Amino acid sequence: MNEPPAQSAKSPFPDAAQRKAAREAKREAVLLAAVRMFNERGFHATSLDDVALSLGVSKPTIYHYLGNKDQVLLECVSIGLAQLQQAVEEARARPGAGIDRLRYFLERYAQVNMDDFGRCVIRTGEELLVPASAASFRAKKREIDDALRSLIDEGVADGTITAPDPRLLAFTLAGALNWPARWFDPAGPMTREEAARGMVDVLLHGFAPRS
């Protein structure tokens with residue numbers, strides 16, 4: 001009677017799932033290193049050699065995972081825009097009045113803009129991207145702006161927001177909450193969440209004493 005073959009030892013070689021996970025981890029590490037340098041130094045002052053050196057890898061490794069510098073920048077801003085779009089979807093799914101959904105979105109909007117990829121969205125002018133990428137970038141930003149307007153309109157419709165000029169309000173809110181992408185220091189005394197909450201409190205309630 002033939003005996004079953006002995007069970008083989010566990011293979012020291014990664015399987016397909018492990019290889020995919022390792023590749024994604026390396027790609028994410030490259031993106032994070034790149035976006036932080038873009039934010040700190042500016043796109044033009046950052047080279048892929050700088051990014052590669054910070055990770056202890058070669059420049060061809062960067063090309064292997066992400067492509068050229070323009071493609072790296074596009075990926076960075078795309079991640080930031082996706083985070084903002086997720087904030088829109090989360091806000092729309094929340095129960096409550098229009099002002100409650102708007103507040104949630106504004107806080108998340110500010111938090112994203114204080115994080116690495118959101119900061120890159122705010123700090124990147126579309127002129128830094130090739131024309132096709134710039135058009136996509138512009139369209140995605142417009143979707144976020146339109147979503148903010150829609151949340152304001154919902155609050156006006158249910159009476160929880162007073163806005164004689166919803167368009168002006170949207171510009172004011174976005175402008176105020178874009179600026180932390182330049183001044184917020186994650187090593188400072190406030191967390192992103194605390195800073196976002198404080199700014200939104202001021203925007204919703206004002207700062208003049210009430211009679």
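Couple of notes before you dig in:
- Some residue of the stretch 44-52 being part of a loop (DSSP other than H, G, I, E, B), buried (at least 18 other Cβ atoms within 10 Å of the Cβ) and without any contact (Cβ under 8 Å) to a residue 40 or more places away in the chain: yes
- Residue list for the stretch 95-117, restricted to those being open to solvent by 60 Å² or more (accessible area, probe 1.4 Å) and either at pLDDT below 95 or in contact with a Cys (Cβ under 8 Å, 6 or more places away or on another chain) (or both): Pro95
- Pair list, Cβ under 7 Å, 6 or more apart: the stretch 120-143 residue on the phi > 0 side of the Ramachandran plot, other residue of a type in the set (Val, Ile, Thr) and open to solvent by 80 Å² or more (accessible area, probe 1.4 Å): none
- Counted residues, the stretch 89-111 - those being free of Cβ contacts under 8 Å to residues at least 60 places away in the same chain and either of a type in the set (A, V, I, L, M) or touching a strand residue (DSSP E or B) at 6+ places or on another chain (Cβ under 7 Å) (or both): 2
- Ala157 being free of Cβ contacts under 8 Å to residues at least 40 places away in the same chain and of a type in the set (A, V, I, L, M): no
- Qualifying residue in the stretch 71-89 (condition: farther than 19 Å from Glu126 by Cβ, acidic (Asp, Glu) and within 22 Å of the chain's Cα centre (by Cα)): yes
- Filtered by the rule that a residue be open to solvent by less than 60 Å² (accessible area, probe 1.4 Å) and either touching a Cys at 6+ places or on another chain (Cβ under 6 Å) or over 15 Å from Phe38 (Cβ atoms) (or both), the stretch 118-153 gives Cys120, Ala134, Ala135, Ser136, Ala139, Ile144, Ala147, Leu148, Ser150, Leu151, Ile152.
- Restricting attention to the stretch 172-211 and to residues that are of a type in the set (Lys, Arg) and part of a helix (DSSP H, G or I), the residue that is farthest from the chain's Cα centre (by Cα) turns out to be Arg197.
- Against the conditions (1) of a type outside the set (Phe, Trp, Tyr); (2) open to solvent by 10 Å² or more (accessible area, probe 1.4 Å); (3) closer than 17 Å to Asp146 by Cα, Ala87 satisfies every one except (2).
- Entry remark, the stretch 161-188: residues being among the polar types (S, T, N, Q) and either open to solvent by less than 50 Å² (accessible area, probe 1.4 Å) or touching a Cys at 6+ places or on another chain (Cβ under 7 Å) (or both) number 1 in total.
The values are calculated or read from the model by the stated rules, or taken from the named source; none is laboratory data. Remember, predicted model here, so these are calculated numbers, not experimental data. FYI the Cβ positions are ideal-geometry reconstructions off the backbone, even for glycines, and counts take in every protein chain you see. To get the accessible areas, we keep the full protein, side chains included, count just its heavy atoms, and leave off ligands, DNA and RNA. Shrake-Rupley method; radii C 1.70, N 1.55, O 1.52, S 1.80 Å.
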